[in-house]
Each structure stands twice: as C-alpha cells, then as structure tokens.
1. In the list Thr30, Thr102, which residue meets the criterion of being modelled with pLDDT under 90 and of a type in the set (S, T, N, Q)?
2. Which of (1) surrounded by fewer than 16 Cβ atoms within 10 Å (Cβ to Cβ); (2) over 19 Å from the mean Cα position of the chain (by Cα); (3) not aliphatic (A, V, I, L, M) is the odd one out, the single condition Ser57 does not satisfy?
3. I'd like the residue in the stretch 24-48 that is of a type outside the set (Lys, Arg) and open to solvent by 60 Å² or more (accessible area, probe 1.4 Å) and, out of all such residues, is farthest from Pro88 (Cα to Cα).
4. Tally time: how many residues in the stretch 18-67 are free of Cβ contacts under 8 Å to residues at least 24 places away in the same chain, of a type in the set (A, V, I, L, M, F, W, C) and part of a loop (DSSP other than H, G, I, E, B)?
5. I'd like to check something: does the stretch 10-23 contain any residue that is surrounded by 12 or more Cβ atoms within 10 Å (Cβ to Cβ), within 16 Å of Gly79 (Cβ to Cβ) and modelled with pLDDT of 95 or more?
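The values are calculated or read from the model by the stated rules, or taken from the named source; none is laboratory data. Keep in mind that this is a model prediction, so the values were computed, not measured. All Cβ positions, glycine included, derive from the backbone under ideal geometry; neighbour counts span all protein chains shown. Just the protein is used for accessible areas: all its heavy atoms, side chains included, with ligands, DNA and RNA removed. Shrake-Rupley method; radii C 1.70, N 1.55, O 1.52, S 1.80 Å.
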Amino acid sequence: PYPRAVAGEILEARYDMPAREFVLSFQRDTTVDGSTRVFVPFWPFPTGFSVTVTKGSVAMETDKDNFGILVWETHKSEGLCTMRIFDPERTARVRQNRCMRTVLIILAVLSIILAIVLAFSLTS
C-alpha cells in the first residue's frame, strides 16, 4: 500500500511486509480540501484486510484498473490522523513469532551466562 494523495503532511508511512501491515500518520492541513487516498494492492491481502483509523471515515473504491483505493475523509480540524491496514491473522502470527524469537534469544543469553559462571566457579 502507499498514499496517492494526503490531506496534510505525512509524518509516517511504513509497510511491514512479514506482518502485512501498513501505517500512515499525517498532520491534517487546515488549508487543504479533499480526502486522503491510499492505494491497496490485493496481492498482499489474498483473504482480505482490516482498516482502522483514529479519526474520520474510510470507504473502499476501485480505480479504472480495478485496483483498491481507500478514500479517507477527515475534517480539516482533526489534527493528527493515523490509518492502519492489516491482515489480522498474519499480523497476530508474526507478532507471536517475534515474541518467541525474543524469548529464545533471552534463554540463549542466560544459558551462556550460566555456562561462564559455572566455568569460572569450577576454576576458582
């Protein structure tokens, strides 16, 4: 996904490919009329996706080539706005895997420390 038009200044636009999660944050410009439009290809989300926004409302449209376009309407006075597009199942799995990797790394470090302490105590 990527923003095609933003009704303000982009503060963050990032896509996490393993998690299939896109985040867009922007500061709403009070002098800009119009909506924010985000292109969403269907290939990263074969089973669909979810969208959350902190402010405003979102509708799905398709362009002339039948690609998905999220149209995000926000009021001029809304300030900081954030959108998250994600595959709920994939995001949960990736987060769980990242937590497990962290736990395994911590266990590995602890076992190395324990081995060093034991080796030091045996030589003393």
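1. Thr102
2. Every condition holds for Ser57 apart from (2).
3. Here is the first cut: in the stretch 24-48, the residues of a type outside the set (Lys, Arg) are 24-27, 29-36, 38-48.
Imposing the further condition that a residue be open to solvent by 60 Å² or more (accessible area, probe 1.4 Å) reduces the set to 27, 30-31, 33, 42-43, 46-47.
Working: Gln27: 26, Thr30: 33, Thr31: 35, Asp33: 32, Phe42: 15, Trp43: 15, Pro46: 12, Thr47: 10 Å.
Result: Thr31.
4. So the count comes out to 1.
5. Yes.
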